[in-house]
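What follows is a single structure, written as structure tokens, with notes after it.
The values are calculated or read from the model by the stated rules, or taken from the named source; none is laboratory data. Treat the numbers as computed from the prediction; the structure is a model and nothing was measured. We work out accessible area using only protein heavy atoms, side chains counted, and drop any ligands, DNA or RNA first. Shrake-Rupley method; radii C 1.70, N 1.55, O 1.52, S 1.80 Å.
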Amino acid sequence: MKVKWLGKTDFLVLTNNKIYDVISIERGWYRIIDDSGDDYLYPPDMFEIVEEDK
């Protein structure tokens with residue numbers, strides 16, 4: 001699934017309106033490889049789904 005970050009740009013974390021790949025969903029949160037290159041869990045309410053998994 002691909003999602004777009006709707007929050008503020010935070011240096012080396014997430015960039016506003018950038019598309020990210022969700023690598024898993026854990027306890028309802030999205031695991032995303034952020035701008036630092038590491039994967040972290042983020043709350044889904046701060047993202048817009050732009051492409052569902054097929």
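Hey, what do the phi angles of the stretch 46-51 turn into as Karplus ³J(HN,Hα) couplings, whole Hz, using 6.51/-1.76/1.60 and θ = phi - 60°, x for Gly and Pro?
Per-residue couplings from phi come out as 9, 10, 10, 6, 10, 8 Hz.
Leaving out ligands and nucleic acids, and using a 1.4 Å probe, what accessible area per residue does the chain come to in Å²?
Using a 1.4 Å probe on heavy atoms only, each residue of the chain averages 71 Å².
For Leu12 and Ile49, calculate 0.36 nm times their separation in residues minus their Cα-Cα distance, and state this gained length in nm to one decimal.
That works out to 11.2 nm of additional length.
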